[in-house]
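Encoded as structure tokens, the structure appears first; notes follow it.
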Amino acid sequence: MSFQPLDYLRHILDEADYLARASSGLTCDEYLRDETLQRAFVRSLEVMGEASKNLSGEFRLRHAEVDWRAIAGMRDRLIHAYFGVDHELVWDVVETKIPPLAVEIRRLCESIEGQ
């Protein structure tokens, strides 16, 4: 099965929406005490990074308003953190980087769907 850019964008958006719902009303301390949430948040960021890596270079260049490299870089950082993930960094990314990213990805999805 071959995926289209919109499929990958929807994966990114699904994970961003999950992170927004799961972190709503949560404090950093609560997050840091919940191993299940920690694992789920890390997995969501990994999925987002993997999906962004599957978008063609041409697509990423045409939509350079999204920091694809940062998304993929976070995935790499998490995947290769065999001896521990910096969960304070994960929390910061979820709280500060994911909301504006979701806006951009949603806009991109709507633009593609409208073509």
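Read-outs throughout are calculated quantities, based only on the coordinates presented, and are distinct from any laboratory measurement. In this text the structure is predicted, and so the values were computed from the model without any measurement. Note: ideal-geometry Cβ built from the backbone for every residue, glycine included; neighbour counts use all protein chains shown.
Mind pulling the angle between the C-alpha long axis of helix 98-113 and the longest principal axis of the chain? Nearest 10 degrees, somewhere in 0 to 90.
Between the helix axis and the principal axis of the chain, the angle is about 20 degrees.
Starting from the exponent 0.38 and prefactor 2.2 Å, build the expected Rg for region 5-113 from its residue count and divide its actual Cα Rg by it.
After normalising by residue count via 2.2 N^0.38 Å, the value is 1.05.
Counting only C-alpha contacts under 8 Å and six or more residues apart, can you give the relative contact order of the chain as a whole percent?
Once normalised by length, the contact order is 39 percent.
Given labels modelled 7 Å from the Cα in the Cβ direction, how far is it in nm from C28 to E88?
0.6 nm
Taking Cα atoms, how many degrees apart are the long axis of helix 5-23 and the longest axis of the chain, rounded to 10 and kept between 0 and 90?
Orientation of helix 5-23: about 30 degrees from the principal axis.
Go through region 18-115 and name the GluC sites (Glu not before Pro) that are in a DSSP coil and have 14 or fewer other Cβ atoms within 10 Å of their Cβ.
Passing both the DSSP loop test and the Cβ count: E65.
Treat the count of other C-beta atoms within 10 Å as a stand-in for reagent exposure and order F41, F83, F3 from fewest to most.
F83, F3, F41
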